[in-house]
Amino acid sequence: MGAGSVRVPACHHGRVTELLYLRDATLQDFAAVVVAVDPGEQRVALDRTAFYATGGGQPHDTGVLTWDGGEATVVDVRKSRDGDEHVWHTVGAPAGHDAVDLPEVGATVHGRLDWDRRHALMRTHSALHVLCGVIWNEWGTSVTGGNMEPLSARMDFEFDPLPEGFGPRVEELVNAELAADRPIEVSFLPRGTALEDEQLIRTKVSLVPESVPEIRVVDIVGLDKQADGGTHVRTTDEVGRIRVVKTESKGKGNKRIRIEVLDV
Ligand SMILES: [Zn+2]
């Protein structure tokens, strides 16, 4: 009885990869069926995945794929730009090997995430939402951009100039919210309902493409609510604490804040 004998239902041949992390960000292991292989780019598309694909400011996950007779490391994960909705997993040789192995279309693979990296990214992403909520509540200022790495991040806000004592004040306010251990809840709202929610309007829910009928909402209860496709920890205390590393001007009306995420 090998994986090759598993019959793949027709519905698994669809062009849309099911994103398991949208409903369960704690999933570290999963089984999936290979729906496409691209030997030239050494990448594999699956019918479902728990690997986060780079997007929304959050970098991709890494980990391993194993199957009957083969193994590969996952080194990059991206959504397809070719009009389909595959998630492509770019693979490398397993540790101690030179040759890259690719599974066949129809094979069942087992995926395992590098959980240290993913959990660090979840803590960092949730920290940035706390930062957004705090800055909105205190100064009524919106975020204009940002980026994150595991346990470090930057975010840009519409300030001109920066308020006096901004860095230390932000650090104090964010860490108080983290210590408050607020729940972080993920839900899915019909588009019409989301477009009427005041907090979601403020965080620009209208920018979600009209083709999306159901909006995923990440709610840091009582602090910040936004349409978001990222992965988050379950409470603010799970983030740890933050330190403001630097604040800098990136031009008129655009100020950058850099943070690092610390263990409690
Ligand atoms: Zn986010």
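Quick notes on this structure:
- Note on the chain: with a GNM built from Cα contacts shorter than 10 Å, the maximum mean-square fluctuation among L151, L128, L195 falls on L195.
- Listed by Cβ neighbour count within 10 Å, with the fewest neighbours leading, V264, V77 appear as V264, V77.
- Simple label model, 7 Å out from Cα along Cβ direction - R78 to E158, nm: 3.2
- Estimated FRET transfer efficiency (A95, K246; beta-carbon r; R0 41 Å; 0.05): 0.70
- Distant alpha-carbon pairs in segment 155-253 (separation over 18 angstrom), percent: 58
- Shape class for segment 75-159: prolate, because the ratio a/c of the largest to smallest gyration tensor axis (alpha-carbon atoms, square roots of eigenvalues) is 1.5 or more and a/b beats b/c.
- Fully extended contour minus Cα-Cα distance, from L27 to T193, at 0.36 nm per residue: 56.9 nm
- Each peptide among 54-60, 251-257 gets the average number of other Cβ atoms lying within 10 Å of its residues, and from highest to lowest they stand as 54-60, 251-257.
- Computed from the alpha carbon atoms alone, the convex hull of segment 98-229 holds 182 Å³ per residue.
- Once the Cα gyration tensor of segment 115-193 is diagonalised, semi-axes √(5λ) in Å: 22, 18, 14
- With R₀ fixed at 51 Å, the C-beta to C-beta distance from R169 to V105 puts the FRET efficiency at about 0.40.
- Here the sum of -39500 (n - 2.57) over DSSP H runs of 4 or more residues, divided by the residues of the chain, equals -6000 deg cm²/dmol at 222 nm, to the nearest 500.
- Once the gyration tensor of the Cα atoms in the chain is diagonalised, the equivalent ellipsoid follows with semi-axes of 37, 20, 16 Å, ordered largest first.
- Between 0 and 90°, nearest 10: helix 115-139 axis offset from the chain longest Cα axis: 30
Every read-out reported here was derived from the displayed coordinates using simple, explicitly stated rules and does not represent laboratory data. The model shown is predicted, which means the values in this text are computed figures rather than measured ones. Positions of Cβ are generated from backbone atoms using ideal geometry, with glycine treated the same way; all protein chains shown enter the neighbour counts.
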